[in-house]
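Colleague: One structure coming up, written as structure tokens, with questions to follow.
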Amino acid sequence: MSKLNVLVAGSTGYIGVQLINLLIKHRYVKIKYLCGNTSVGKKISYYDKNLKNKKLPKIVKFNRKHLNKVDVIFTALPNGEAQEISKKLLPKNTLIDLAADFRLEKASEYLKWYKQKHKASNNIKNSIYSLPEITGKNIKNYKIVACPGCYPTSILLPLVPLIKNGLIKIDNVIIDSKSGYSGAGRSVHIKYKDKNLYESLSAYGVGIHRHNSEIEQTLKKFTKKKFKFTFTPHLSPMFRGILSTIYLDLNKNINAKKIHTVLKNFYKKHIFVKILKFNSLLNTNDVINTNYCNISVCKSRYNNKIILLSAIDNLIKGGAGQGIQNMNILYDFNIKEGLK
């Protein structure tokens, strides 16, 4: 099988470096270009010593001429920049965006939540929001793939099957998520320099976090009822990982064991989602450096309530790994390729 030529734009951020570490293990990929702005001319090993001696190209500034020589463009760029690249795509190109540029289906919603006008609104119809286990089967009809955010990944994977099957009340879902500080990007050390980043837990974006938009957009596809949820993210003193705790009220005649059975059946053919034994505790350490999402269904003190726990690595299942998983589906590679 011939190899895909790949360009990585935004190669020096935490997600970009993680993506490169995975792509070099993919048997059917050749990294043709690594692109950056302030890093032009440097070797990628400057940002990750593990990439030393890996025969990777030096970092260059993105040029539309590169598109003639590549099949897949991965973008891990500041919001808005993948939109500009999307306007230059050739028929042979597929764009897989790891940022937020094509996650929302309406340009007006993008403006509302990201406070900037969408620069390629005509391309929104050419894109798909692809959480592989949920919408991956539709991906081949699109040339622009929007990968979900890290928080929504940890939240939507446990919630979608339950809402789709009408098992839970959806008027007061409570979501509490804690993320490693890598989720805020390399600038986190500047942005939170006064917050004792390495020893404290910080709530942020309460009620207004941008990921509210894609959580709501996705869940609305699976219910006609009015959905109300409260999502509160926290920055945790660890480098990577997300643990989401979701508090749910059950519909009549539904119990926690039924919820566990439904989730187990829903994901039995999806290797990267693990439903743990009923009432298991979980932690981020079990998923770090993997593309897995671990989910646990736990009993509450009350029979009509349950607690869901969900853990992912924000840089892999919530980022680079999910991008590769989508690429594997698009090109009919084994779903585990590059992700073992």
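Colleague: Residues that are crowded, with 24+ Cβ neighbours inside 10 Å, aliphatic (A, V, I, L, M) and not in a helix (DSSP H, G or I): does the range 315-337 have at least one?
Modeller: Checked the range 315-337: at least one residue is crowded, with 24+ Cβ neighbours inside 10 Å, aliphatic (A, V, I, L, M) and not in a helix (DSSP H, G or I).
Colleague: Does Lys115 satisfy being over 30 Å from Lys3 (Cα atoms) and basic (Lys, Arg)?
Modeller: Considered against the rule, which asks whether it is over 30 Å from Lys3 (Cα atoms) and basic (Lys, Arg), Lys115 comes out as yes.
Colleague: Report whether or not Leu4 is modelled with pLDDT of 95 or more, among the hydrophobic types (A, V, I, L, M, F, W, C) and buried (at least 23 other Cβ atoms within 10 Å of the Cβ). Outline the logic, then answer.
Modeller: Details: modelled with pLDDT of 95 or more: yes; among the hydrophobic types (A, V, I, L, M, F, W, C): yes; buried (at least 23 other Cβ atoms within 10 Å of the Cβ): no.
Criteria not met by Leu4.
Colleague: Still on this structure, I have one more. Working only within the range 260-282, note down all residues that are in contact (Cβ under 8 Å) with a residue 60 or more places away in the chain, of a type outside the set (A, V, I, L, M) and either closer than 16 Å to Ile312 by Cβ or assigned to a loop (DSSP other than H, G, I, E, B) (or both). Walk me through it before giving the result.
Modeller: At the first step, the residues of the range 260-282 found to be in contact (Cβ under 8 Å) with a residue 60 or more places away in the chain are 262-263, 266-267, 270-273.
Then drop every residue that is not of a type outside the set (A, V, I, L, M), which leaves 266-267, 270, 272.
Within the range 260-282, Tyr267, His270, Phe272 qualify.
Colleague: Something else about it: Return yes or no: is Ser310 in a strand (DSSP E or B) and not assigned by TED's automatic domain parsing to the domain that holds Ala99?
Modeller: So Ser310 passes the test.
Colleague: Same structure, new question: Look through Val72, Val173, Val160, Val145 and report the one residue that is farther than 30 Å from Leu309 by Cβ and crowded, with 18+ Cβ neighbours inside 10 Å.
Modeller: Step by step, each of Val72, Val173, Val160, Val145 is checked, and only Val72 is farther than 30 Å from Leu309 by Cβ and crowded, with 18+ Cβ neighbours inside 10 Å.
Colleague: Please go through the range 238-253 and pick out each residue that is at pLDDT 95 or above and among the aliphatic types (A, V, I, L, M).
Modeller: Residues satisfying the conditions are Ile242, Leu243, Ile246, Leu248, Leu250.
Colleague: List pairs: first in the range 283-307 and farther than 28 Å from Ile324 by Cα, second of a type in the set (Lys, Arg), Cβ under 8 Å, 6+ apart or cross-chain?
Modeller: Ile306/Lys299; Ile307/Lys299
Colleague: Quick check on the range 198-233: of everything there that is touching a strand residue (DSSP E or B) at 6+ places or on another chain (Cβ under 7 Å) and small (Gly, Ala, Ser), which residue is nearest to Ala107 (Cα to Cα)?
Modeller: Gly205
Quick grid of which residues meet (1) surrounded by fewer than 19 Cβ atoms within 10 Å (Cβ to Cβ); (2) assigned by TED's automatic domain parsing to the domain that holds Ile306; (3) without any contact (Cβ under 8 Å) to a residue 40 or more places away in the chain:
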position	(1), (2), (3)
Lys164	yes, yes, no
Tyr181	no, yes, no
Gly185	yes, yes, no
Gly207	yes, yes, yes
Glu214	no, yes, no
Ile246	no, yes, no
Asn251	yes, yes, no
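The values are calculated or read from the model by the stated rules, or taken from the named source; none is laboratory data. None of the values given here were measured: they were computed from a predicted structure. Counting neighbours? That spans all protein chains shown, and the Cβs are built from the backbone with ideal geometry, glycine included.
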